[in-house]
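**Q** This is the structure, below, for whatever I ask next.
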Ligand code: GAR
């Protein structure tokens, strides 16, 4: 049984999708803990209701990113994770932290990377007149939103879209794609070697 630790900062809907898929599909894994950097993160309530251990490591209590990451790493490693899942975790991570979890930390980002790393991705896609938008699951490296890509989901940008409508369309796809990608890792169908993603032939790539 593998241990998954999920990091959130807010709503936690991707975390919810992963928790539900893990239970419904009987993964060979358990969600060992949900950890937030924000004390009021709404997702903590869902985790508690589902009997999952929760913790808060409040970034505001630390003077430096290094000090925060050291405490966060301690909180994560207390659960002996096989995989760390960033699910709307909105902190920039230090190189020491990302190196510690190299090859065993995934992130979901709401754009078709390498387009639009960072914040305000949906508005950027609208401002550029993109015809398609989407989300990307990738391994985490020291460079923000730049790790090797595991999976992408694409949605159309429709006439009249604003940031909210586009974000909602993308989020639906995130909820399908992220549990799928996490399961690939848990099932040993996904790993990274020399910076390249290796996936077992035949894994699904469609998320509709
Ligand atoms: C999701 O859209 C996720 O892709 C994005 O934040 C949202 C979190 O929603 N992540 C980032 O922007 C990371 N750079 P959730 O808390 O409901 O899962």
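**Q** Here's a check for you: in segment 18-46, which residue that is assigned to a helix (DSSP H, G or I) and buried (at least 21 other Cβ atoms within 10 Å of the Cβ) is nearest to the ligand (Cβ to nearest atom)?
**A** Per the criteria, the residue is 43.
**Q** Counting just the residues of segment 73-92 that are under 19 Å from residue 111 (Cα atoms) and either touching a residue at least 60 places away in the same chain (Cβ under 8 Å) or more than 16 Å from the ligand (Cβ to nearest atom) (or both), which one comes out farthest from the chain's Cα centre (by Cα)?
**A** In the first step, residues of segment 73-92 are kept if they are under 19 Å from residue 111 (Cα atoms); the result is 85-92.
This time we only want the ones that are either touching a residue at least 60 places away in the same chain (Cβ under 8 Å) or more than 16 Å from the ligand (Cβ to nearest atom) (or both), so: 85-91.
Working: 85: 5, 86: 3, 87: 3, 88: 6, 89: 7, 90: 10, 91: 12 Å.
Going through the qualifying residues, I end up with 91.
**Q** Tell me, which residue of segment 128-161 that is over 17 Å from the mean Cα position of the chain (by Cα) and within 14 Å of the ligand (Cβ to nearest atom) is surrounded by the fewest Cβ atoms within 10 Å (Cβ to Cβ)?
**A** 155
**Q** Being assigned to a helix (DSSP H, G or I) and within 20 Å of residue 104 (Cα to Cα) is the filter; apply it to segment 6-15 and report the residue that is nearest to the ligand (Cβ to nearest atom).
**A** 14
**Q** Please tell me if residue 57 is under 24 Å from residue 180 (Cβ atoms), touching a helix residue (DSSP H, G or I) at 6+ places or on another chain (Cβ under 6 Å) and buried (at least 21 other Cβ atoms within 10 Å of the Cβ). So that I can check it myself, show each step before the final result.
**A** On the way: under 24 Å from residue 180 (Cβ atoms): no; touching a helix residue (DSSP H, G or I) at 6+ places or on another chain (Cβ under 6 Å): yes; buried (at least 21 other Cβ atoms within 10 Å of the Cβ): yes.
Here the answer is no, as residue 57 does not meet what is asked.
**Q** Considering only segment 84-101, how many residues are more than 30 Å from residue 169 (Cβ to Cβ) and either at pLDDT below 95 or out of contact with any strand residue (DSSP E or B) (no Cβ under 8 Å at 6 or more places or on another chain) (or both)?
**A** 6
**Q** Show me the strands (runs of 3 or more DSSP E) entirely contained within segment 93-208 in which 1 or more residues are in contact (Cβ under 8 Å) with a residue 12 or more places away in the chain and over 25 Å from residue 4 (Cα atoms).
**A** 132-139, 149-156
The values are calculated or read from the model by the stated rules, or taken from the named source; none is laboratory data. Values in this document were obtained by computation on a predicted structure and should not be read as measured data. As a convention, Cβ positions derive from the backbone with ideal geometry for all residues, glycine included, and neighbour counts pool all protein chains shown.
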